[in-house]
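Input: a single structure, listed below in structure tokens.
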Amino acid sequence: MGLGSRLLFEDEHCLAIVKTAGQFTQGSWAPPGEQTLESEVREYLNPADPSSVYLGIVHRLDRPVSGLMVWAKTTKSARRLSQQFERRRVEKEYWAIVEETDAKAPPERGSTGPIAQLPVEGTWIDWLTSAGVSGVVRAVNAGTERARQAVTRFGLEDESSLPPGCRWLRLWPETGRTHQLRVQAALRGLPIVGDANYGASKPFPRGIALHARRLGLRHPILGTPLELIAPPPATWAEHGFILTDTQITTGSLKNQAGGLFDTAIAQEVPGRSCPGISYFEVKPRRSRRS
């Protein structure tokens, strides 16, 4: 399977790809006949000998989640990208389509943020356990042994056409706990569509309706800002999730990057001078097999 339009950005140091919902990021536990994203990328970089490729994994997405992932192609890039994630210098934005349930579960002590009524924006703060044997994360009292604090900013969007009983949330996690966004939304009576493990009742064709939409980070070698945006999966529109992103401003770097993703590799444009900003233009993608 080729990466095709899922390849969003590439240079000699790193690349950005869209993971499909339901696909494992890495590991040897993928079911027979299914390929991890890691093995896909290795085959893309060296079809003749994928195992010889150096590929630095600097962050992960849960199997049912779709969206943007960045991979390092050198050890130096891997180290610098990892540091950005570890030091919380990467801005991450997710989109979620959630169900509005009648029953709003009360929070555990230590959980804060709106529950009975969802405002336009705010912050969720909870204490979460690890997944454990069950694979399900729980919210517990603040300071519980081995629990870790989870912090997420959220925004409720209205620029959309959705099935009845659904809402669109933008989510900006400030911590990176296991299943963080899934648990925090469900705790407030807003399970993500398709996420039956956390109380969702509406079906979804593949994975869950949680998408890693955007990453804002520094290029690991050049040090210039990179704004990477991944369009939602086609299955969202097929399922009746029609979203309008009014936060992308025409002519901005974000819009330039977002416009590249479906058809081309983003490459830096020589001769443009603006301190601290990388400019991009559309370049035809050259086949590695030619």
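The values are calculated or read from the model by the stated rules, or taken from the named source; none is laboratory data. The structure displayed is predicted, hence computed values, not measured ones. Ideal geometry is used to build each Cβ from the backbone, glycine not excepted, and the neighbour counts take in all protein chains shown.
With respect to the numbered conditions (1) at pLDDT 90 or above; (2) buried (at least 19 other Cβ atoms within 10 Å of the Cβ), which one is the sole condition not fulfilled by residue 218?
Unmet condition: (2).
In the stretch 21-42, how many residues are touching a Gly at 6+ places or on another chain (Cβ under 9 Å) and crowded, with 17+ Cβ neighbours inside 10 Å?
5
Just the residues that are in contact (Cβ under 8 Å) with a residue 40 or more places away in the chain and of a type in the set (Val, Ile, Thr), please, taken from the stretch 7-64.
Within the stretch 7-64, 17, 18, 20, 25 meet the criteria.
Per-residue answers, yes or no, for (1) among the aliphatic types (A, V, I, L, M); (2) touching a Ser or Thr at 6+ places or on another chain (Cβ under 6 Å); (3) within 30 Å of residue 13 (Cβ to Cβ):
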position	(1), (2), (3)
161	no, no, no
169	yes, no, no
201	no, no, no
205	no, yes, no
208	yes, no, no
213	no, no, yes
216	no, no, yes
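Among the candidates 144, 129, 152, single out the residue that is surrounded by fewer than 18 Cβ atoms within 10 Å (Cβ to Cβ) and either in contact with a helix residue (DSSP H, G or I) (Cβ under 6 Å, 6 or more places away or on another chain) or more than 23 Å from residue 21 (Cα to Cα) (or both).
The conditions single out 144.
For residue 160, only one of the following conditions fails: (1) modelled with pLDDT of 90 or more; (2) closer than 22 Å to residue 230 by Cβ. What is its number?
(1)
How about the stretch 161-196: which of its residues are of a type in the set (S, T, N, Q) and crowded, with 19+ Cβ neighbours inside 10 Å?
180, 184, listed by residue number.
Tally the residues that are closer than 18 Å to residue 23 by Cβ, in the same structural domain as residue 150 (by TED's automatic domain parsing), in contact with a strand residue (DSSP E or B) (Cβ under 7 Å, 6 or more places away or on another chain) and part of a loop (DSSP other than H, G, I, E, B), restricting the search to the stretch 178-208.
Qualifying residue count for the region: 0.
Looking at the structure I just gave you, is residue 84 assigned to a helix (DSSP H, G or I), of a type outside the set (A, V, I, L, M, F, W, C) and within 18 Å of the chain's Cα centre (by Cα)?
yes
May I ask you to verify whether residue 86 is within 20 Å of residue 222 (Cα to Cα) and without any contact (Cβ under 8 Å) to a residue 40 or more places away in the chain?
For residue 86, the condition - within 20 Å of residue 222 (Cα to Cα) and without any contact (Cβ under 8 Å) to a residue 40 or more places away in the chain - is met.
Report, ordered by the first and then the second residue, all pairs with beta carbons closer than 7 Å, sequence separation of six or more or different chains, a first member in the stretch 183-211 that is without any contact (Cβ under 8 Å) to a residue 60 or more places away in the chain and farther than 19 Å from residue 171 by Cα, and a second member that is not aromatic (Phe, Trp, Tyr) and not in a loop (DSSP other than H, G, I, E, B).
205/235
Answer yes or no as to whether residue 212 is closer than 22 Å to residue 22 by Cβ, of a type in the set (Gly, Ala, Ser) and assigned to a strand (DSSP E or B).
Here the answer is yes, as residue 212 does meet what is asked.
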